[in-house]
Amino acid sequence: MLMIIDVRCRPPLEEFLQYFDIPRITWHGRRTGAEEVSRAFCEGSMDLYFEEMAAAGIDVAVVQGRNSPEVFMGKKFNAAFIRNERIAELQDRYPNRIIGLGGIDPSNTAHDAVKETARCVRELGLKGIFVEPGRALQSSPDDPRMYPIYEKCIELDVPVNLMSGPYAGPDIEVSNPLYVDRVATRYPDLKVLLGHGGYPYIQEVLGVAFKHTNVYVSPDMYIFAPGGRAYVEAANGTLKEQIVYGSAYPLRPLVQTIADNRNLGFEADVLPEYFSGNAKRIFKL
């Protein structure tokens, strides 16, 4: 049976329930073809969430911690501060179902970013970190303030999951893959996972991944956005080992998203890598 790892999930923990309101989920979901909002999220039930995972055939969910300030992008997006202990507790409670990533604030406001990265991995047992330089720094991933964080990740041998996409910062320019190209050039031993797939810079991000085998692309919900089929074409071609499955839950429901992905035209030998093989390599599973 095909194993599935979902590399972008925000389950119905209290902190995520406060950050994602139902009207926002509904709006974003409809923009990418979602037909409903997760009942588990609406009811704030982890038990229902695991039922939805099982119904979708998802074995493991990767849960991102967040430590980023409020940002205005035509409308206000609330601050998201989630103690990394909460993510570690979730991982410890469901050791075969949840992989946790520590949320790191590169501005050093919530904590010392480098020390917190080390603590997340060495003390809390988390499997990597999630960083939003566009929100926390109002800057791009190649900002020199990010370098010590990257260097600590290399030392710890864990990946960095970077926020990208239309809502990564005050404007979409912070998601230009040129900046990730510079990071991957400077740090060829750093495993970089791009959440939201660098959208809308699809061809550019695929070019960066083609150039750098340490760059992994998770298009998640944006595989259903205009132009998103290019991610499928790339996975069926030279980037078979670098395109990674994610749902962007709760913005898209689990069962429908798996079904929709199966109908996108991935070749049979690509699906095992897309759904889990590449994630296993990223997180050393």
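Only the coordinates and a few stated rules stand behind these numbers; no lab work does. Keep in mind the model is a prediction, meaning the values are calculated, not measured. Positions of Cβ are backbone-derived with ideal geometry, glycine not excepted, and every protein chain shown enters the neighbour counts.
Quick notes on this structure:
- Computed over Cα pairs, the Kirkwood radius of segment 200-276 leads via Stokes-Einstein (0.890 mPa s, 25 °C) to a diffusion coefficient of 197 µm² per second.
- Every helix of 4 or more DSSP H residues in the chain counts as -39500 (n - 2.57), and over all residues that averages to -10500 deg cm²/dmol at 222 nm.
- Potential lengthening between GLN203 and GLU35 on full extension [0.36 nm per residue; Cα-Cα distance subtracted]: 57.7 nm
- Residues listed by number, segment 139-162, amide nitrogen under 14 Å from THR109 label point at 7 Å toward C-beta: 139
- Computed E for GLU123/ARG24 - FRET, C-beta separation, R0 30 angstrom, nearest 0.05: 0.35
- With a simple spin-label model that places each label point 7 Å from the Cα along the Cα-to-Cβ direction, the separation between LEU178 and LEU285 comes to 3.6 nm.
- Amide H partners (placed H, <5 Å) of GLY103, local residues excluded: GLY65, ARG66, PHE130
- Segment 5-283, relative contact order in percent, only Cα pairs under 8 angstrom and at least six apart counted: 20
- Global form of the chain, assessed from the alpha-carbon gyration tensor, a/c cut-off 1.5: rounded
- Annotation: extensible slack from GLN138 through GLU155 equals 3.5 nm (criterion: 0.36 nm per residue apart, minus Cα-Cα distance).
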